[in-house]
1. If G298 satisfies all but one of (1) free of Cβ contacts under 8 Å to residues at least 12 places away in the same chain; (2) outside any helix (DSSP H, G or I); (3) small (G, A, S); (4) farther than 28 Å from L375 by Cα, what's the number of the condition it fails?
2. Among (1) more than 23 Å from L335 (Cα to Cα); (2) touching a Gly at 6+ places or on another chain (Cβ under 6 Å); (3) hydroxyl-bearing (S, T, Y), where does T62 come up short?
3. Does R351 qualify as being closer than 20 Å to H106 by Cα and either more than 20 Å from the chain's Cα centre (by Cα) or part of a loop (DSSP other than H, G, I, E, B) (or both)?
4. Against the definition (of a type in the set (A, V, I, L, M, F, W, C), at pLDDT 95 or above and either closer than 30 Å to V429 by Cβ or open to solvent by 10 Å² or more (accessible area, probe 1.4 Å) (or both)), how does I356 come out, yes or no?
5. Determine which single condition Y42 fails, assuming it passes every other condition in (1) at pLDDT below 95; (2) touching a helix residue (DSSP H, G or I) at 6+ places or on another chain (Cβ under 8 Å).
6. I'm trying to understand the selection: among the residues of the range 376-386, which are surrounded by 20 or more Cβ atoms within 10 Å (Cβ to Cβ) and more than 18 Å from E360 (Cα to Cα)?
7. Give the number of residues within the range 311-334 that are open to solvent by less than 10 Å² (accessible area, probe 1.4 Å) and not in a strand (DSSP E or B).
8. Among the numbered criteria (1) within 27 Å of P165 (Cα to Cα); (2) open to solvent by less than 20 Å² (accessible area, probe 1.4 Å); (3) modelled with pLDDT of 95 or more; (4) not acidic (D, E), which single criterion is violated by G252?
Amino acid sequence: MTNPHPTPGPPHLVPYAALPCPAAEFRARALHWAAQYACCAYYEPNGAEYPHGPFQPLLAVTNAPDAAPTTLAGLETWLARPAGGPRCGFVTYDVKNEVEALTSGHFDGLQWPALHFFTPETWLCWTAEGLEIHGNTTDVLAAILAPAVPPAAGPGVATVRPRLPKNNYLAAVEAVREDILDGEVYELNLCQEFYAEAVKLEPVGTFLRLLAASPTPFAGFYKWHDRYLLCASPERFLQQTGSQLISQPIKGTIRRGATPADDERQRQRLRADEKEQAENLMIVDLVRNDLARVAQTGTVQVPELFGLYPFRHVWQMISTVQATVRPGIGLVDILRATFPMGSMTGAPKIRAMQLIEQYERTKRGLYSGSLGYVLPSGDFDFNVVIRSLQYRADTGYLSFQVGSAITYDSDPHREYDECLLKAQAMLEVLGATVNE
């Protein structure tokens, strides 16, 4: 029997010029090959320029995941074992229940494990020199290139339904505003689910269409048995390089303009929006406090506040918070100090999460959790799982969630429109409309 976790030897390097097909076609073939495995993870930067860089392009697979951790405590033990390659995985929003005395009781049509990581038996890295194939490299390139890419098939989803009907969402925004007036929270990220049932979806082709519609720096594809995450996230949660820790919360969204002049007006409108700046600043302060729990004294800094970055459909306001990690602090310590990310909860965080459970109608699960990888050096990079489709092949359940930050100045209808704006690429890919 082939050892699923062989001792890594030198990687097999394939110059890009030696690949017999264009880069986009090879990526499609590699993803279709990877999706035949029990578990696979793919991280795609889409050629984006981003402060401190986007995801590293990486594709990892295994048919024999080792004793995968399902708790932070188990993850800490598992990460302490030596590994010659990357560890790939995700942390769902509901790990909050391990970090704090919280619960999650809503409907869950996807039922991901609380967290999941695996050590790949084979992994591919796209580098400046060429394609590196690591681990079990025997016949991998031939297996990727052998089958033709199946023809693209539409997902056949005419409409998606809201778990929280529009009128109930509007009422929830008003209730959150009252909570803010009463001093319960300063800001709360209120999310809602749109879903369809009995869907026949081809995950890889749908993911590639999502990337074409919304190319983002922290995109990813994850398969765990019959569950799939198709992620086009623009947001980084945490990156560690050496002793430097970076978090880049997004708060502030406006639609792109139809012409260059209109687009510049939109950018300036977002830059001058006091409400959006207030939202961003509150989360920056929360992130600063979170990072301070694991940082060397005096090292927490904000090198960029209210940065404006263009994406296919929207301008986003992004800030960068950085710190130097104290010696002996590992990934799990950092997650316990910072998870869930403040951009998806609100402030103060614990009370915001209690109210989220009160007002939302769907268990968040992997949405507003994090997808990422840990390198053998201990460096890691994790995104925020937003702008993502999730699919369960055995039941045909298809879902995506979107949300916005509610402050006292929020207008319920404007917040609802922001949710639909964030859903635009996913609705385009599905060819679906919202059945309100």
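1. Tallying (1) free of Cβ contacts under 8 Å to residues at least 12 places away in the same chain; (2) outside any helix (DSSP H, G or I); (3) small (G, A, S); (4) farther than 28 Å from L375 by Cα, G298 fails exactly one: (4).
2. For T62, the failing item is (2).
3. Answer is yes for this residue.
4. Taking the combined requirement at face value, the residue satisfies it.
5. That leaves (1) as the condition not met.
6. Across the range 376-386, the qualifying residues are F380, D381, F382, N383, V384.
7. Final tally of qualifying residues: 2.
8. (3)
The values are calculated or read from the model by the stated rules, or taken from the named source; none is laboratory data. Not measured: the values here are computed from a predicted model. Here Cβ is always computed from backbone atoms with ideal geometry, including for glycine, and neighbour counts include all displayed protein chains. These area figures cover heavy atoms from the full protein model, side chains too; ligands, DNA and RNA do not enter into them. Shrake-Rupley method; radii C 1.70, N 1.55, O 1.52, S 1.80 Å.
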